[in-house]
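Participant: My questions all concern the structure below.
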Amino acid sequence: MSIDPALLEEAYPLQSHLGFRLTGWRADFAQVEMPLAPFMMNRQGLPHGGIHATLLDTAMGFAGCYTGDPAVRQMALTLSLTVNYLAQAEGDTLIAKGWRTGGGRKTYFAEGRIEDMHGTRIATASGVFRYRSPS
């Protein structure tokens with residue numbers, strides 16, 4: 001999957017710390033990938049559930065904010081996020097995909113999923129997001 005380099009934004013602090021990157025972005029869709037690191041693991045040595053939630057929130061957030069114009073940035077706030085954990089990840093990379101599934105002028109709905117590098121579905125999510133007014 002490719003992404004227009006002109007649309008990529010500077011990494012924000014949480015993104016830089018966790019090391020995830022936007023690898024796909026178009027109208028109503030976004031893909032975020034993250035290499036796993038030891039500091040992301042829980043007491044059992046598995047990726048912490050908050051890591052999954054963060055990636056799903058990020059992918060679904062970007063999915064609803066695509067404009068196709070680097071000069072026009074759309075932002076949104078998460079109003080509701082539900083995550084379902086399905087399996088344990090294998091390998092060293094998580095891939096989150098998000099889709100805008102509906103909504104209107106002020107809010108939108110999205111669904112997402114995380115797969116490991118072998119294609120196993122690890123978690124799914126649904127969310128409600130509110131568009132921010134341009135500043």
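Participant: Please go through segment 16-35 and give me each residue that is in contact with a helix residue (DSSP H, G or I) (Cβ under 8 Å, 6 or more places away or on another chain) and in contact (Cβ under 8 Å) with a residue 24 or more places away in the chain, ordered by number.
Facilitator: Correct list: 18, 20, 22, 25, 28, 29, 30, 31, 32, 34.
Participant: Check segment 22-32 and report whether any residue there is in contact with an Asp or Glu (Cβ under 9 Å, 6 or more places away or on another chain), in a strand (DSSP E or B), aromatic (Phe, Trp, Tyr) and surrounded by 17 or more Cβ atoms within 10 Å (Cβ to Cβ).
Facilitator: yes
Participant: Answer yes or no as to whether residue 50 is free of Cβ contacts under 8 Å to residues at least 12 places away in the same chain, on the phi > 0 side of the Ramachandran plot and of a type outside the set (Val, Ile, Thr).
Facilitator: No; evaluated as a whole, the condition is false for this residue.
Participant: Moving on to the next point. Condition test on residue 96, is it of a type in the set (A, V, I, L, M, F, W, C) and within 24 Å of residue 134 (Cβ to Cβ)? So that I can check it myself, show each step before the final result.
Facilitator: Working: of a type in the set (A, V, I, L, M, F, W, C): yes; within 24 Å of residue 134 (Cβ to Cβ): no.
In short, no.
Participant: For residue 119, only one of the following conditions fails: (1) of a type outside the set (Val, Ile, Thr); (2) touching a residue at least 12 places away in the same chain (Cβ under 8 Å); (3) more than 17 Å from residue 49 (Cα to Cα). What is its number?
Facilitator: Answer for residue 119: the failing condition is (2).
Participant: Could we say that residue 43 is under 21 Å from residue 110 (Cα atoms) and either of a type outside the set (D, E, K, R) or assigned to a loop (DSSP other than H, G, I, E, B) (or both) here?
Facilitator: Details: under 21 Å from residue 110 (Cα atoms): no; either of a type outside the set (D, E, K, R) or assigned to a loop (DSSP other than H, G, I, E, B) (or both): yes.
The answer is no for residue 43.
Participant: Please go through segment 97-124 and give me each residue that is farther than 18 Å from residue 25 by Cα and of a type outside the set (Val, Ile, Thr), ordered by number.
Facilitator: To start, the set of residues in segment 97-124 that are farther than 18 Å from residue 25 by Cα comprises 103-107, 116-124.
Once the filter is applied, which keeps residues that are farther than 18 Å from residue 25 by Cα and of a type outside the set (Val, Ile, Thr), segment 97-124 yields 103, 104, 105, 106, 116, 117, 118, 119, 121, 123.
Participant: Now a separate question. Please specify each residue of segment 75-97 satisfying the condition of being at pLDDT below 95 and among the polar types (S, T, N, Q).
Facilitator: Within segment 75-97, 88 is the sole residue that qualifies.
The values are calculated or read from the model by the stated rules, or taken from the named source; none is laboratory data. In this text, all values refer to a predicted model and were calculated from it rather than measured experimentally. All Cβ positions, even for glycine, are placed from backbone atoms using ideal geometry, and neighbour counts span all protein chains on display.
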